[in-house]
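Have a look at the structure below, then the notes.
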Amino acid sequence: MDLLDTLTAKGLRGEVPTREEALAVLATTDDELLDVVAAAGKVRRRWFGRRVKLNYLVNLKSGLCPEDCSYCSQRLGSKAEILKYTWLKPDQAADAARAGVAGGAKRVCLVASGRGPTDRDIDRVTDTMAAIKEADPQVEICVCLGLLSDNQAERLKAAGADAYNHNLNTSEGTYGTITSTHTYADRVDTVQKAHGAGLSACSGLIAGMGESDEDLVDVVFALRELGSDSVPVNFLIPFEGTPLAKEWNLTPQRCLRILAMVRFVNPDTEVRIAGGREVHLRSMQPLGLHIANSIFLGDYLTSEGQAGQADLDMIKDAGFEVEGAGEATLPRHRADLAEAAQAAHAGGGCGSAASASACGSGGGCGPCGGHAHAAPASAASAASAASVASVEEATEAAEGGELRSDLVKVRRRGAGTELAPNA
């Protein structure tokens with residue numbers, strides 16, 4: 001297939017495809033799917049070998065958000081039955097982080113719901129990072145607190161943060177259809193603030209919200225232009241009680257094509273399978289590892305994920321290996337860009353988002369169904385250990401070609417446990 005030969009050759013050289021080529025990946029047929037995965041897999045192995053980076057979310061504050069993001073179970077006015085609690089104490093968050101690191105995670109993502117942090121919130125996160133780093137100085141810390149104000153990124157960087165997550169989520173043209181309380185430009189501004197402070201940028205998207213192929217290509221090219229080091233690809237979890245509760249637009253095949261398109265556009269960038277992989281990829285999750293080089297380990301922010309041991313078994317059975325704490329995630333040339341950006345910042349340069357690597361995603365490391373642990377109590381640990389895949393067999397088979405939304409039932413994190421609402 002000429003398209004895949006061209007994309008593979010470009011990816012191996014670290015070159016970016018054209019928009020038309022990216023759109024063509026999304027238009028491939030199911031008969032061509034394994035060829036698409038194989039081509040993206042060659043590019044993935046060129047830059048990342050067979051390593052899989054594990055990330056672990058700690059949900060510092062759940063619910064109570066004033067923003068109206070349609071995809072989010074923590075949104076203003078959400079009727080989703082989720083855990084709600086205020087800020088965890090630093091030692092509680094450090095205990096939760098320790099569980100993820102023990103499971104093989106090399107990066108801990110600290111997430112808090114809300115429009116953006118106050119100065120007091122930055123102090124809280126600073127104390128939390130200190131507690132985590134005291135237990136394990138090598139662990140990477142990515143912070144996700146929403147929209148940043150001036151000098152907040154610099155404070156997080158000085159306190160030991162390695163990265164900032166702030167997702168663009170969808171294209172600029174369609175952004176206003178999912179959120180009205182902030183703009184696409186607000187999100188771009190936060191990614192640029194994080195980058196300018198010398199933080200690695202983690203910024204991605206959410207697929208399955210009713211967007212077009214053109215929207216997906218637009219946001220992925222925008223993320224590349226912003227210089228995101230890590231691109232989390234989230235698949236919408238249609239939470240009951242949210243405006244997008246009935247948006248079941250994804251099949252496993254569609255998800256794999258989206259991941260492949262993201263890989264071809266970002267050949268040498270960390271591509272992470274984030275929220276919703278269990279719900280939408282289901283038994284085809286291992287194929288996703290041939291395209292992406294990073295996943296979250298454990299539960300989501302407000303719903304249960306696949307059991308951690310099941311993730312580790314899946315990685316091993318698929319012929320991959322967990323990336324070690326001492327291994328560099330990004331290829332050397334991208335690491336050099338990051339170091340140059342940090343040096344420019346240290347020397348008083350502002351650092352543009354286009355000239356070096358960055359990491360930012362607004363409003364969460366993933367949609368509000370993203371991986372994270374909420375409560376540090378023993379009950380929370382037990383709930384995490386007992387986490388199971390959120391996939392249940394339907395009693396009736398859907399007719400051929402139809403979306404199989406009946407295959408899954410979203411399991412709310414903490415359901416059936418004695419987790420306190422304000423852990």
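Across the options 130, 216, 198, the greatest Cα extent toward the positive end of the charge dipole of the range 130-224 (unit charges at beta carbon of Lys, Arg, Asp, Glu) belongs to 130.
Spin-label model, residue 135 to residue 64: label points 7 Å out along the Cα-to-beta-carbon direction sit 2.2 nm apart.
State the extension gain, in nm to one decimal, for the chain segment bounded by residue 181 and residue 15, taking 0.36 nm per residue of separation less the distance between their alpha-carbons. Write down the numbers at each step before the final one.
Values: separation 166, 0.36 × 166 = 59.76 nm, distance 3.67 nm.
Between residue 181 and residue 15, full extension yields an extra 56.1 nm.
Would you mind counting up the charge near residue 210? Only other residues with Cβ under 14 Å from its Cβ, with Lys and Arg at +1 and Asp and Glu at -1.
Working: positive: 246, 254; negative: 211, 213, 214, 215, 247.
Once all neighbours under 14 Å are counted, the net charge is -3.
Going 7 Å from the Cα of residue 213 along its beta-carbon direction, which residues of the range 24-54 have the amide nitrogen within less than 14 Å of the resulting point? Residues passing the 14 Å test: 24-33. At full extension, residue 149 and residue 318 could sit 56.5 nm farther apart than now, given 0.36 nm per residue minus the alpha carbon distance. Dipole magnitude for the range 42-192: computed about the Cα centre from +1 point charges on Lys and Arg Cβ and -1 point charges on Asp and Glu Cβ, it is near 980 debye.
The mean accessible area for residues of the range 167-221, using a 1.4 Å probe and ignoring ligands and nucleic acids, is 28 Å² per residue. Listed peptides 214-222, 85-93, 11-19 appear in the order 214-222, 85-93, 11-19 once ranked by packing, highest mean of other Cβ atoms within 10 Å at the front. Please list, in order, the residues from the range 251-292 whose amide nitrogen is less than 12 Å from a point placed 7 Å along the Cα→Cβ vector of residue 46. Flagged as within label range: 264-269.
With +1 on each Lys and Arg Cβ and -1 on each Asp and Glu Cβ, how big is the dipole of the range 239-316 about its Cα centre, in debye rounded to the nearest 20? About 340 debye.
The values are calculated or read from the model by the stated rules, or taken from the named source; none is laboratory data. Everything numeric here is computed off the predicted structure, so don't read it as measured data. Counting neighbours? That spans all protein chains shown, and the Cβs are built from the backbone with ideal geometry, glycine included. To get the accessible areas, we keep the full protein, side chains included, count just its heavy atoms, and leave off ligands, DNA and RNA. Shrake-Rupley method; radii C 1.70, N 1.55, O 1.52, S 1.80 Å.
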